[in-house]
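Student: Take this structure first; my questions come after.
FYI, it's all coordinate maths here, none of it is from the lab. Quick caveat, the model's predicted, so the values are computed rather than measured. Note that we place each Cβ from the backbone using ideal geometry, even for glycine, and neighbour counts take in every protein chain shown.
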Amino acid sequence: MQSSDKVKRLNRIAGQVRGVAQMVEDDRYCMDILNQMAAIKSALAKVESQVLKDHAACCVSEAIASGDAADQRAKFEELVDLLERTRK
C-alpha cells in the first residue's frame with residue numbers, strides 16, 4: 001500500500017472521528033455513536049496492520065540482509081515492544 005493510500009485512509013478516519021464528535025454534541029443515540037467508534041477502531045487497525053507489514057518488509061528485512069547483529073536485535077526488540085504495548 002502506497003503512503004498516499006495510507007494518508008487517504010487516515011484522512012477518512014479523521015473525518016469519521018469529527019463525525020462522531022458531532023454526534024456526541026448532537027446528543028445522538030449512544031449505540032449509534034458506539035457503532036461508529038467500532039468502525040473507526042477497525043479502520044485504524046487496518047492502517048496500523050499495513051504500516052507494520054511495510055515496516056517488516058522494509059526496515060526489518062534490511063536489518064536481516066545487512067548481517068549486522070546489533071541492527072537485527074534492535075529491529076526485533078522494536079517489534080516485541082510494539083506487540084507488548086498493543087496487547088495492553
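Student: Would you indicate which of (i) 36, 16, 15; (ii) 19, 14, 13; (iii) 36, 15, 8 is the value of semi-axes √(5λ) of the Cα gyration tensor in Å derived from the coordinates of this structure?
Tutor: Here semi-axes √(5λ) of the Cα gyration tensor in Å agrees with entry (iii).
Student: Sticking with this one: Taking 0.36 nm per residue of separation and subtracting the Cα-Cα distance, what length does fully extending residue 78 through residue 62 add? Display every interim value, and only then the final one.
Tutor: Details: separation 16, 0.36 × 16 = 5.76 nm, distance 1.43 nm.
Result for the pair: 4.3 nm of gain on full extension.
Student: Can I ask one more? For region 1-61 and region 69-88, write down the distance between their C-alpha centroids in whole Å.
Tutor: After rounding, the separation between the Cα centres reads 23 Å.
Student: Relative contact order (percent) for the chain, with alpha-carbon contacts under 8 angstrom and 6 or more residues of separation? Walk me through the numbers on the way to the answer.
Tutor: Values: 26 pairs, mean separation 21.9, N = 88.
Relative contact order for the chain comes out at 25 percent.
Student: Tell me what the chain gives for mean residue ellipticity at 222 nm when only DSSP H runs of n ≥ 4 count, each as -39,500 (n - 2.57), the sum divided by the residue total, rounded to 500 deg cm²/dmol.
Tutor: Using -39500 (n - 2.57) per qualifying helix, the result is -28000 deg cm²/dmol.
Student: What does the charge add up to near residue 71, with Lys and Arg as +1, Asp and Glu as -1, over the other residues with Cβ less than 13 Å from its Cβ? Numbers along the way, then the final one.
Tutor: Working: positive: 73, 75; negative: 62, 68, 77, 78.
Spelling it out: positives minus negatives among the neighbours equals -2.
Student: For labels at residue 37 and residue 4 in the simple 7 Å Cα→Cβ model, what's the distance in nm?
Tutor: Placing both labels 7 Å along Cα→Cβ, they lie 3.5 nm apart.
Student: Please give the FRET efficiency for residue 55 paired with residue 21, using the beta carbon to beta carbon distance and R0 = 35 Å, rounded to the nearest 0.05. Let's see the in-between values first.
Tutor: Details: r = 30 Å, r/R0 = 0.87.
Efficiency at R0 = 35 Å is approximately 0.70.
Student: For the chain, compute the number of Lys pairs whose alpha carbons are separated by less than 18 Å, excluding pairs fewer than 8 positions apart on the same chain. Don't jump to the answer; show the numbers that get you there.
Tutor: Details: 6/41; 6/46; 6/53; 8/41; 8/46; 8/53; 41/88; 53/75.
For the chain, qualifying lysine pairs total 8.
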